[in-house]
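Below: the structure, in structure tokens.
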Amino acid sequence: MPGPRSTLRGNLARAIAVVACLWARDGHAAGGHFAVDDAAILDVGTCAVETWWERADVAGSLLHVGPACRVGPVELAVNVDRIQPRDHAPQTPVGPQIKWATPIGDRVSVGLVGLVAWQGSAPRYAGATVYAPLTLRVADALLLNVNVGRDWLRDLPTRWRAGASLEWHAAPEWTIIGERFRQYGADLARLGVRWQQSDSLGFDLSHARGVGATSARIWTLGATWTFGVPQATRRLP
């Protein structure tokens, strides 16, 4: 009979295959593909396209494309993912996302995010997520992000999600991000770096690995193109 680790690997692979759009749940989190989101949205009149490639050793690979635009007080996005699970047919989940964020002081911002995903093969509905991000400016170059939310996944138990991350702006072009998060019953930690090559173009690279019984290892390489206004660097609202 399969042990706990084998079962966990199966659940992770199934979660990616069924609802990869929710694993890559936010096309505009802190540093792009990072799991813990910040309480910030694009500037008024600004749009962005984020893409990344992710390789998980226990599950397969994922290619993400996520265009988004600021519309009034919210950021609207569409997440499109192409997943190639190790032992299953490829899936292409697609889903809309809406994000709202506002400052509640000089150093604190809060927000709310909701998204849903459908896939090409029946049953069409894959899952949905709602979570609340909070961002605290600990120092001029250091941000703390905290997320709490809930995942509803087809054919998998409904679970809470939570996480925290630190963003250190080590230089104008470089940001180092470390995070610890729990999603789909798995605990993971990630360390990565973002290079802002210009106001409109940035790149990020990270490595995530399981904590405790979770054995997953994930490498991710991504890029972000922001356009619409001269100043494209993300910041607190």
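The values are calculated or read from the model by the stated rules, or taken from the named source; none is laboratory data. Here the structure is a predicted model, which means the values were calculated and not measured. For neighbour counting, all protein chains shown are included, and Cβ atoms are generated from backbone atoms with ideal geometry for every residue, glycine included. Just the protein is used for accessible areas: all its heavy atoms, side chains included, with ligands, DNA and RNA removed. Shrake-Rupley method; radii C 1.70, N 1.55, O 1.52, S 1.80 Å.
Listed conditions (1) polar (S, T, N, Q); (2) modelled with pLDDT under 95; (3) open to solvent by less than 20 Å² (accessible area, probe 1.4 Å) are all met by Thr158, apart from (3). All conditions but one from (1) open to solvent by 60 Å² or more (accessible area, probe 1.4 Å); (2) assigned to a loop (DSSP other than H, G, I, E, B); (3) closer than 19 Å to Asn147 by Cα; (4) of a type in the set (Val, Ile, Thr) apply to Val44; the one that does not is (3).
Scanning the stretch 109-124 for residues that are touching a Lys or Arg at 6+ places or on another chain (Cβ under 8 Å) and either among the charged types (D, E, K, R) or loosely packed, with under 14 Cβ neighbours inside 10 Å (or both) returns a single hit, Pro123.
The residues in the stretch 179-212 that are within 22 Å of Pro85 (Cα to Cα) and either open to solvent by 70 Å² or more (accessible area, probe 1.4 Å) or touching a Pro at 6+ places or on another chain (Cβ under 6 Å) (or both) can be counted, and the count is 3. Going by the structure shown, is Asp26 touching an Asp or Glu at 6+ places or on another chain (Cβ under 8 Å), in a loop (DSSP other than H, G, I, E, B), at pLDDT below 90 and among the charged types (D, E, K, R)? Yes; evaluated as a whole, the condition is true for this residue. Leu136 satisfies every condition listed in (1) in contact (Cβ under 8 Å) with a residue 60 or more places away in the chain; (2) open to solvent by 40 Å² or more (accessible area, probe 1.4 Å); (3) not β-branched (Val, Ile, Thr) except (1). Among the residues making up the stretch 213-229, those that are farther than 29 Å from Asp43 by Cα, open to solvent by 40 Å² or more (accessible area, probe 1.4 Å) and in contact with a strand residue (DSSP E or B) (Cβ under 7 Å, 6 or more places away or on another chain) are Arg217, Trp219. Under the condition of being touching a Phe, Trp or Tyr at 6+ places or on another chain (Cβ under 8 Å), of a type outside the set (Phe, Trp, Tyr), farther than 17 Å from Phe34 by Cβ and part of a strand (DSSP E or B), the residues counted in the stretch 118-148 number 3. Considered as a group, the residues in the stretch 68-89 that are open to solvent by 50 Å² or more (accessible area, probe 1.4 Å) and within 29 Å of Val58 (Cβ to Cβ) include one that is modelled with the highest pLDDT, and that residue is Val78. From the list Val36, Val49, the one residue that fits, being touching a residue at least 40 places away in the same chain (Cβ under 8 Å), open to solvent by 10 Å² or more (accessible area, probe 1.4 Å) and touching a Gly at 6+ places or on another chain (Cβ under 9 Å), is Val49.
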